[in-house]
Every structure is written in structure tokens, then in C-alpha cells.
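Every read-out reported here was derived from the displayed coordinates using simple, explicitly stated rules and does not represent laboratory data. Just so it is clear, the model here is predicted, and its values are computed rather than measured. Note that we place each Cβ from the backbone using ideal geometry, even for glycine, and neighbour counts take in every protein chain shown.
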Amino acid sequence: MSTTTTSVAAMADRIRAGSQVSLARGLTLVESRSDAATELLAEIWKDSGRAHVVGITGPAGSGKSTLVLRMAQEYLTRGMRVAVLAVDPSSTYSGGAILGDRIRMTELAGEKDVYIRSMASRGATGGLSRAVLDGIVLLDAAGFDVVILETVGVGQAEVDVISVAHTVLVVSVPGLGDDIQAIKAGLIEIADIHVVNKADRPGADLTVKQLRESLRLAHNLASKWDVPIQKVTAATGDGVAELLDETAKHRTWIGEHGALKDIERRNAATRIRWAAEALMAGRLRTGAPAFDAAVEALIAREEEPRQAAARLLTAMAVDPTDINGRGTR
Ligand SMILES: Nc1nc2c(ncn2[C@@H]2O[C@H](COP(=O)(O)OP(=O)(O)OP(=O)(O)O)[C@@H](O)[C@H]2O)c(=O)[nH]1
Ligand SMILES: [Mg+2]
């Protein structure tokens, strides 16, 4: 066993035992997509799969972070451990936004049962959501009952991120114009629960009414889950306990109606596909000896491209250190 392997095993033990310092280090490894991250994930995979993953999305400034903080407080009150992964929409997260999150986070600082972390949504290599998916595995294995993902609902990448969640909350706010932002952003379909935040402002009831109307129009007969619309005021915490009740109800419902298995299958398929693609990308690149040999064989007309590809894929010996997909070897 290499020194790295030994220390990774020790790190996995400390993460399982609830060390936030080790968890933070593990998440940093996962973000850097290092070989050690691949070893850590292999160690810890079997300990994951217990947490309720809750996604929160909605327009910028709709109060998602404030709401997440309130939810975390409420989960604590209920004796549950909660982790938050805030996924920003681009690698250029504004300093102000991070500062804003930090200030609100200090209210929960020092709580051993709460862990809050920001992650860039896209790495330099576009390896975004992989790090987020892997991050969820670490948080899950660390024993958090609930893992909340916060992301701005702006594009497909963010919708992809949020779709790994078991329960998706879509946040709207009153008075941002005639249209409901969730409808404009194409978020109506992905919501398991609609949240109308800033209910202290005028127009909240109108927003609820408009959402109810569009839900009726978009009604999916295949799904029997009746999407609730919950008014909250994250600023004061009003409605947050009810929102947690609805969220728990949804988790129970998907467990009883087979939807949980569907989500797990979809996520497992995504994970395998990504891992396989990363593995192949690492092998099928200029500089990899077998690949370069195949290139020469093609030029010499000794092999046809499909034959060469099939031979390369068949010959692929699985080297787990290639799986992290950095594509640097
Ligand atoms: N009036 C009112 N303001 C709120 C409420 N909840 C949040 N806000 C305010 O809305 C602003 C944005 O809140 P955030 O929690 O940062 O919103 P966000 O959706 O996380 O924003 P981004 O992460 O930048 O997309 C802040 O000034 C909050 O104080 C609420 O219930 N009522
Ligand atoms: Mg936020």
C-alpha cells in the first residue's frame, strides 16, 4: 500500500467519523480531480446513499441562500445534520456573493451538525458537475441526513446539477414583472415543490395563483405527486417549518412510488457514463502509446479506423488512477 493510499484511507475514516477538517480537505481533493480523490471516492462510495439530497434553484437574488440558512436552522432544531453545497453559476463567482454567504454563514458557524461549502460550477476543463456529484458522495458518507444543493436557475448546466437531487425546490418571488420567473427559465417542470419567497412583499398571493395556473396547464398525468406551492419569508423564517414538512413528505412519496429508484438509476448511469468517458478520453489521446501506434497503423493502411477503435477499447486495461478524468496522462 502506498503512503497516499494509507493517508487516503485514514482521511476516509475521519470523514466517516464526522471530522469537518477532513471533509473540507476531501472536497478540495474532489474539486482538483486528483488521483487521491479517485482513491478517496473508491473508499467511501459504499458509505453513501443515505442522505436526502434537496436541490434549490431560482433566479439570482430570490433569497435562496437566506432560505437555505433558515432550512439548516430548522433541520438542526429537528435534530438532523445538514450540509449545504452552494454551486455558483460560473467560475467567476463575485467576491461580494461569497462574502455575503460567509456573513450569513457565521450565524451557523461552529455548529458541528452543519457544514456549508461553495463550489465552482465549472472547472477549467468543464468538469463541473462531476465535482458536485462527487462532493455529494463525500457529504453523504460523512453522515449528513440532508444535503442541500443551491444553484441559480440560469442554464442547462444548472438544471443538470439540480436534477441529481431527490427533491427539487424552485424559488420564485413576487413583483419581478408579469411573468413568473420559473416559467420563463423553464423551471416549472423540474419543481417538486414551488416556493414563493419574500411573502412579506406585496403580490405573493398573485404569484401563488399564477404558479397554480401554470401547474394546471403543465400538468403531467404520469406523475401523481401533487406539486405544492409553499409561501415563505426566508428573512423571518415564516413558512420554513412547513416547507421542511413538504420536503420530507416528498421524500417519503418518492420512496413509496418507485421514483427514488428511478432517480438513483439515472444518477448511477450518469456516474458510470462520466467515469467511462473520462477513462476513454485519457486513453484515446495523442501521447498515449497504444493510441499513437494505432494512428501510425491507420496511416500505413494496416488498420481501418473502426477496427483500431474497437481494438483499443477492448485492450483497455482498467487503471483506476485514470478514472478521475483529468486527461493529463
Ligand atoms: N423582503 C425579503 N427579502 C429577502 C427575503 N429573503 C431574502 N431576502 C433578501 O434578498 C436578497 C437576496 O438574498 P440571497 O439569499 O442572497 O438570494 P440568493 O437567491 O441566494 O442570491 P444569489 O445566490 O446571488 O442568486 C438579500 O438582500 C436578502 O436579504 C425575504 O423573505 N423577504
Ligand atoms: Mg445565494
note = Exposure-ranked with fewest Cβ neighbours within 10 Å first, 66, 151, 270, 77 stand as 77, 270, 66, 151
request  = Quick one: Debye curve from the alpha-carbon atoms of region 275-322 only, equal weights, vacuum; give me log10 I(q)/I(0) at q = 0.30 Å⁻¹ to two decimals.
outcome  = -1.19
task = Grab the beta carbon distance between residue 206 and residue 299, set R0 = 45 Å, and tell me the FRET efficiency rounded to 0.05.
result = 0.10
ask   = Length gain on complete extension for the stretch residue 310 to residue 111, per 0.36 nm per residue less the alpha carbon to alpha carbon distance?
value = 66.3 nm
Cross-link pairs 46/231; 46/261; 112/231; 209/261; 112/261; 198/224 - those with Cα-Cα distance over 27 Å = 46/231; 112/231; 209/261; 112/261; 198/224
remark   = Note: residue 34 to residue 281 extended length (0.36 nm per residue) minus current alpha-carbon separation gives 87.3 nm
remark   = Treating only Lys and Arg (+1) and Asp and Glu (-1) as charged, each at its beta carbon, one finds that region 1-47 has a dipole about its Cα centre, in Debye to the nearest 20, of 100
query = What is the Å³ per residue value for the convex hull set by the Cα atoms of region 1-47?
reply = 63
key: Segment residue 163-residue 60, length gained on full extension (0.36 nm per residue, minus Cα span)   = 35.2 nm
task = Quick one: order 136, 299 by neighbouring beta-carbon count within 10 Å, fewest to most.
result = 299, 136
query = In the neighborhood of residue 43, defined by Cβ-to-Cβ distances under 14 Å, what is the net charge if each Lys or Arg adds +1 and each Asp or Glu adds -1?
reply = -2
query = Regarding region 37-81, what is the average projected area of its C-alpha convex hull, in nm²?
reply = 4.8
task = Select from region 240-299 those trypsin sites (Lys or Arg not before Pro) which occupy a DSSP coil region and have at most 10 other Cβ atoms within 10 Å, ordered by residue number.
result = none
request  = Describe numerically, in nm with one decimal, the distance between label points set 7 Å from Cα along Cα→Cβ at residue 7 and at residue 260.
outcome  = 3.8
